[in-house]
Amino acid sequence: MSFETRMIPSVKSANHNYIVVAKDDDEIVGYVYSNISSKETYSNGFATFFDLDSVKTDDVGCLSQFYIKEGYRSRGIGSVLFEKSMEWLSTFKSISDLFIFVSNGNDNALKFYQSKGFKISHQILDGFITVLRNT
């Protein structure tokens, strides 16, 4: 996965995009990318990310990408970026279903999202991705 194969298609297919960048002076040390997309976006030739019938509306919210540079983790930056993302997603009153997708082996991210109230829903791509959902 790369910028060209992950970020660009996500931005182009989303109805709304939101990116927050954390900087230390001029150095980018983290970011969060969230979007509002049609639920059908998440059922394609690559994978079906969740049961479309389980989603109450036509669109879903997704915290799609999240990164904190090594050396800046465990300083609260991730919590601030997460909260900014959740605040933005909550402005879409018609959206009730929120998803986060975590790569296999990223146990720290999984625990972080669970500590923020997200629950494991299921796994996709033979366990390569764990899908979390708001409660």
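Here the extension length gained between SER94 and HIS16 equals 26.7 nm, from 0.36 nm per residue of separation less the Cα-Cα distance.
With each label modelled as a point 7 angstrom along the Cα→C-beta vector, the GLU70-ASP107 pair spans 1.8 nm. Take the Cα of VAL80, go 7 Å toward its beta carbon, and the backbone nitrogen atoms of the range 25-40 under 12 Å from that spot belong to 25, 29-31.
Dividing the helix sum by the residues of the chain, where each DSSP H run of 4 or more adds -39500 (n - 2.57), gives a mean residue ellipticity at 222 nm of -6000 deg cm²/dmol. Sorted largest first, the principal axis extents computed over the alpha-carbon atoms of the chain equal 44, 31, 30 Å. Quick one: if you stick a label point 7 Å off each Cα along the C-beta vector at GLN123 and ASP25, how many nm between them? With each label placed 7 Å out from Cα toward Cβ, I get 4.4 nm.
What's the local net charge at LYS56, with K and R +1, D and E -1, over the other residues with C-beta under 13 Å away?
Working: positive: LYS39, LYS93, ARG133; negative: ASP51, ASP53, ASP58, ASP59, ASP97.
Summing Lys/Arg as +1 and Asp/Glu as -1 gives -2.
Here, each number is a calculation from the coordinates, and none is a lab measurement. Computed from a predicted model, the values in this text were never measured in an experiment. Counting neighbours? That spans all protein chains shown, and the Cβs are built from the backbone with ideal geometry, glycine included.
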